[in-house]
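Have a look at the structure below before the remarks.
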């Protein structure tokens, strides 16, 4: 669900915890255009059958996108989660807010996601 610059993802698989991601104004505009053009029924991005994409399909989309962009480094969907948390931390977001955005129960597990960068340490 997209609401005023935020994307809410309801996770039905892992502990039924919602994930929240901030959207830039530009991306929000693009997503609204996409929605009006394709008129998805149940999911914003639907597979050919109208169902949610499978995990494997999403992995393949990421790999094809990396290849198209000329990115040769390893990377996964989960790496995007780590990057998101790291960028938030480096941008000055407090760890408790990051914990909530990631849908984590424990601050300790959030700290694992947000491996502290040298850039962040140099600000202390």
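Summary of values
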{"read-out": "Where residue 119 falls short, out of the listed (1) part of a loop (DSSP other than H, G, I, E, B); (2) at pLDDT below 70", "value": "(1)"}
{"read-out": "Single residue of the stretch 28-57 satisfying the filter (touching a strand residue (DSSP E or B) at 6+ places or on another chain (Cβ under 9 Å) and assigned to a helix (DSSP H, G or I)) that is nearest to residue 88 (Cα to Cα)", "value": "28"}
{"read-out": "Among residues of the stretch 44-56, those that are surrounded by fewer than 12 Cβ atoms within 10 Å (Cβ to Cβ) and under 28 Å from residue 110 (Cα atoms), counted", "value": "3"}
{"read-out": "Selection count, the stretch 90-116, where residues are modelled with pLDDT of 75 or more, part of a loop (DSSP other than H, G, I, E, B) and out of contact with any helix residue (DSSP H, G or I) (no Cβ under 6 Å at 6 or more places or on another chain)", "value": "7"}
{"read-out": "Count - residues of the stretch 63-89 that are closer than 26 Å to residue 104 by Cβ and part of a helix (DSSP H, G or I)", "value": "13"}
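The rows are residues; the columns are (1) at pLDDT below 85; (2) assigned by TED's automatic domain parsing to the domain that holds residue 105; (3) in contact with a helix residue (DSSP H, G or I) (Cβ under 9 Å, 6 or more places away or on another chain).
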residue	(1), (2), (3)
3	yes, no, no
15	yes, no, no
20	yes, no, yes
25	no, no, no
41	no, no, no
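The values are calculated or read from the model by the stated rules, or taken from the named source; none is laboratory data. Computed from a predicted structure; not experimentally measured. Note: ideal-geometry Cβ built from the backbone for every residue, glycine included; neighbour counts use all protein chains shown.
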